[in-house]
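Single-structure report; data block below.
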Amino acid sequence: MIFKKKIGAFTVFVKDNNSIYEKALNDFLSGRMNILKLLRSEDETKVWLIDTEKGPMVLKLFVPKHQKFERILKSLIKKDYYQSLIYKTDNAISHGATMINDIYLLAQRKICNYAYVHIILMEYIDGTQIINLEPISDELKSEIKVVLEQLHTYDMVSGAPHKENTMVTKDGVKFIDLSGKRCTCVSRAKDRMELERYLGIKNLKKDWGYYVYISIKNTRNSIRNIRKKLGLRRR
């Protein structure tokens with residue numbers, strides 16, 4: 001169960017009201033975090049592997065700096081992406097999902113409904129990224145396809161099932177860094193098409209969600225090309 005509370009200036013969502021997860025947050029905020037490894041460092045996103053009382057966990061800091069106006073507008077009409085993700089993840093795992101990593105805590109600083117700082121504490125998955133297992137065997141491709149279909153039955157989508165977000169573990173294939181977006185026929189089709197694009201796993205299901213996704217993608221590409229020709233977008 002996810003509990004919501006205020007900790008200082010942060011709105012915090014914590015799994016099972018566990019004090020260990022809150023301590024990990026406080027250690028991060030006070031500069032006492034025990035860092036084992038820097039996993040990712042980009043302009044908006046930092047990800048660390050940290051040591052906690054419950055063993056290694058992953059802590060992600062996301063501070064959006066681009067498309068702020070668009071994000072503010074979306075916050076007025078859409079549910080918060082990360083809030084949706086922590087609740088969806090908790091629900092899926094409580095119903096037996098084993099192909100995803102758990103999310104233990106989400107802390108956000110907000111102005112109204114717009115969150116401008118996100119801190120996410122997640123389960124560490126001990127495994128090998130698909131990118132390090134190339135070429136991908138047909139047997140592994142089949143397993144990935146089946147596991148993605150299972151993920152969809154829990155009302156969740158990957159959103160980006162590429163080589164860095166697909167792991168092989170001793171317990172089988174797992175997807176990490178999932179999407180908090182709605183699991184619709186279009187978002188499921190997008191997952192399948194991205195498996196084809198990034199992992200070479202051919203999509204054989206062409207339902208109406210597939211055709212809507214292709215139509216949206218083609219429209220966006222056309223708009224992008226027009227903007228380039230008009231000099232509104234750098235090549």
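The set of residues in segment 13-53 that are among the aliphatic types (A, V, I, L, M), assigned to a strand (DSSP E or B) and under 23 Å from LEU85 (Cα atoms) comprises VAL14, LEU39, VAL47, LEU49, ILE50.
For segment 160-175, how many residues are free of Cβ contacts under 8 Å to residues at least 60 places away in the same chain and crowded, with 18+ Cβ neighbours inside 10 Å?
Within segment 160-175, the subset free of Cβ contacts under 8 Å to residues at least 60 places away in the same chain is 160-170.
Subset that is crowded, with 18+ Cβ neighbours inside 10 Å: 161, 165-168.
Looking only at that region, the number is 5.
Residue-wise test of (1) hydrophobic (A, V, I, L, M, F, W, C); (2) farther than 22 Å from ILE100 by Cβ; (3) within 21 Å of the chain's Cα centre (by Cα).
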| residue | (1), (2), (3) |
| --- | --- |
| PHE3 | yes, no, yes |
| ASN26 | no, yes, no |
| GLY31 | no, yes, no |
| ASN34 | no, yes, no |
| THR45 | no, no, yes |
| ASP51 | no, yes, no |
| LYS54 | no, no, no |
| VAL58 | yes, no, yes |
| LYS74 | no, yes, yes |
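Based on what the data block shows, is PRO135 surrounded by 18 or more Cβ atoms within 10 Å (Cβ to Cβ) and in a loop (DSSP other than H, G, I, E, B)? Answer is no for this residue.
Whether a residue is exposed (fewer than 15 other Cβ atoms within 10 Å of the Cβ) and either at pLDDT 95 or above or over 24 Å from GLY209 (Cα atoms) (or both) was assessed, and ILE111 passes this test. Given the criteria under 21 Å from ASN165 (Cβ atoms), part of a loop (DSSP other than H, G, I, E, B) and small (Gly, Ala, Ser), does ALA92 qualify? No; evaluated as a whole, the condition is false for this residue.
Within the group LYS202, LYS228, which residue is out of contact with any strand residue (DSSP E or B) (no Cβ under 9 Å at 6 or more places or on another chain), of a type outside the set (Ser, Thr, Tyr) and farther than 27 Å from ASP138 by Cβ?
Of the residues listed, the single one that is out of contact with any strand residue (DSSP E or B) (no Cβ under 9 Å at 6 or more places or on another chain), of a type outside the set (Ser, Thr, Tyr) and farther than 27 Å from ASP138 by Cβ is LYS228.
Say whether the condition of being aromatic (Phe, Trp, Tyr), loosely packed, with under 15 Cβ neighbours inside 10 Å and on the phi < 0 side of the Ramachandran plot is met by at least one residue in segment 193-209. Checked against the condition, which is being aromatic (Phe, Trp, Tyr), loosely packed, with under 15 Cβ neighbours inside 10 Å and on the phi < 0 side of the Ramachandran plot, segment 193-209 yields at least one hit. Somewhere in segment 33-41, is a residue modelled with pLDDT under 95, surrounded by 15 or more Cβ atoms within 10 Å (Cβ to Cβ) and farther than 22 Å from SER179 by Cα? So far as segment 33-41 goes, yes, one or more of its residues are modelled with pLDDT under 95, surrounded by 15 or more Cβ atoms within 10 Å (Cβ to Cβ) and farther than 22 Å from SER179 by Cα.
Does segment 142-199 hold any residues that are of a type in the set (Gly, Ala, Ser) and not in a loop (DSSP other than H, G, I, E, B), and which are they?
Of the residues in segment 142-199, the ones of a type in the set (Gly, Ala, Ser) are 142, 158-160, 172, 179-180, 187, 189.
Across segment 142-199, the qualifying residues are SER142, GLY172, SER179, SER187, ALA189.
The values are calculated or read from the model by the stated rules, or taken from the named source; none is laboratory data. Everything numeric in this text was worked out from a predicted model, so none of it was measured. Cβ sites come from the backbone with ideal geometry, for glycine too, and all protein chains shown count toward neighbours.
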